[in-house]
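A.B. asks: Submitted below is the structure of interest, expressed as structure tokens.
The values are calculated or read from the model by the stated rules, or taken from the named source; none is laboratory data. As the structure is a computational prediction, the values presented were derived from the model and not from experiment. Note that we place each Cβ from the backbone using ideal geometry, even for glycine, and neighbour counts take in every protein chain shown. These accessible areas exclude ligands, DNA and RNA; they are computed on the full protein's heavy atoms, side chains included. Shrake-Rupley method; radii C 1.70, N 1.55, O 1.52, S 1.80 Å.
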Amino acid sequence: MTVMTHESEMVAMRHAMVASQLRTNAVSDARVVAAMDSVPREAFVPADAQAIAYRDTAVPLGHGRAQNVPIATGRLLTQAELRATDRVLLVGAAGGYTAAVLSHLVASVVALESEPALAAAARTALADIPTVTVVEGPLEAGHDAGAPYDVLVIDGAVEAVSDALIAQLAVGGRVVTGIADRGVTRLTSGRKTAGGFALLDFADIDCVPLPGFARPRSFTF
């Protein structure tokens, strides 16, 4: 009888995620598929969550946060049409997983996280990847010091993309994000032009909520 090691079990689960969740659900960019097939997702979640790291669900990270669903991240990165020369602002870095995937696909990544414990975990997990810089601060404020960016990836659902984030995009820059609307999440994409910015829906997929992006509530009697 063959006894699988923890590492070999994780590799098998990663390959199964790619085969059953990504390839069957329009994650059609071969580069994204290859990157998600090579990055050990379990290395970016707490030890007690590693067993569910590859399930088709959000993975609890503590502090009221969760790692985004694999298919949501895969679809966002596919829709972003990433190029090897891109400078990316990743909003909602969490434990660092998506930043690690992006490092296989683009020139540089600024990974923004608002939760101090998660930012610290991401810095540790990504320490050997020189093209990724982890910064800590409010997600909705972005990181102006690294602007302009070619791509904005918001790895979760927000009620609206803040003006501050759009301002940090280069003209022609692309945006992919989850949008939360009355309890329903959908994936959207857009491009900044000299005349403005707009998002278009491209998939109805569950996406983890990110803090700091609530729309101002209008006053009612």
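A.B. asks: Sum -39500 (n - 2.57) across every DSSP H segment of at least 4 residues in the chain, then divide by the residue count to get the 222 nm mean residue ellipticity, nearest 500.
C.D. replies: Calculated from helices alone, the mean residue ellipticity at 222 nm is -6500 deg cm²/dmol.
A.B. asks: Considering only protein heavy atoms, what per residue accessible area in square angstrom results for the chain with a 1.4 angstrom probe?
C.D. replies: I get 47 Å² per residue for the chain.
A.B. asks: If you look at just the Cα atoms of the chain, how large are its Rg and its Dmax in Å?
C.D. replies: In order Rg, Dmax, the Cα atoms of the chain give 16.9, 70 Å.
A.B. asks: With a 1.4 Å probe and all protein chains left in place, how much of the accessible area of the chain comes from carbon and sulfur atoms, in whole percent?
C.D. replies: C and S fraction of accessible area: 56 percent.
A.B. asks: Something else now. At 1.002 mPa s and 20 °C, plugging the Kirkwood radius over alpha-carbon pairs of region 70-159 into Stokes-Einstein gives what diffusion coefficient in µm²/s? Can you show the working numbers first?
C.D. replies: Working: Rh = 12.8 Å.
Answer, rounded: 168 µm²/s.
A.B. asks: Return the percentage of antiparallel bridges among DSSP beta bridges fully within region 1-204, rounded to the nearest 5 %.
C.D. replies: That works out to approximately 45 percent antiparallel.
A.B. asks: Within the chain, what's the longest stretch lacking trypsin sites (Lys or Arg not before Pro) that sit in DSSP loops with no more than 10 other Cβ atoms inside 10 Å?
C.D. replies: The segment 1-181 is the longest one with no such site.
A.B. asks: Relative contact order, percent, of region 1-204 when contacts are C-alpha pairs under 8 Å separated by at least 6 residues? Walk me through the intermediate numbers first.
C.D. replies: Details: 402 pairs, mean separation 30.1, N = 204.
Across region 1-204, relative contact order equals 15 percent.
A.B. asks: Continuing with the same structure: May I ask for the net charge around D29, where only other residues with Cβ less than 15 Å from the Cβ of D29 are counted and Lys, Arg are +1 while Asp, Glu are -1?
C.D. replies: Summing Lys/Arg as +1 and Asp/Glu as -1 gives +2.
A.B. asks: Does region 94-219 come out rounded, prolate or oblate by the C-alpha gyration tensor, with a ≥ b ≥ c the root eigenvalues, rounded set by a/c under 1.5 and, if not, prolate when a/b is larger than b/c and oblate if not? Numbers along the way, then the final one.
C.D. replies: Working: a/c = 1.62, a/b = 1.31, b/c = 1.23.
Note, shape of region 94-219 comes out prolate.
A.B. asks: Still on this model: With a Förster radius of 35 Å, plug the Cβ-Cβ distance of A170 and T124 into 1/(1 + (r/R0)^6) and report the FRET value to the nearest 0.05. Before the final figure, lay out the partial values.
C.D. replies: Values: r = 31 Å, r/R0 = 0.87.
Rounded to the nearest 0.05, the efficiency is 0.70.
A.B. asks: Here is a further query. What residue among Q21, G62, Q79 has its Cα farthest toward the positive end of the dipole of the chain, where the charges are +1 on Lys, Arg and -1 on Asp, Glu, each on the Cβ?
C.D. replies: Q79
A.B. asks: Compute, for region 1-204, the length of the dipole vector about the Cα centre, with Cβ point charges of +1 (Lys, Arg) and -1 (Asp, Glu) only. Units Debye, rounded to 20.
C.D. replies: Dipole about the Cα centre, nearest 20: 400 debye.
A.B. asks: For T131 and D56, FRET efficiency with R0 = 30 Å and r from the beta-carbon atoms, rounded to 0.05? Provide the component values of the computation, followed by the final result.
C.D. replies: Details: r = 29 Å, r/R0 = 0.97.
With a Förster radius of 30 Å, E is 0.55.
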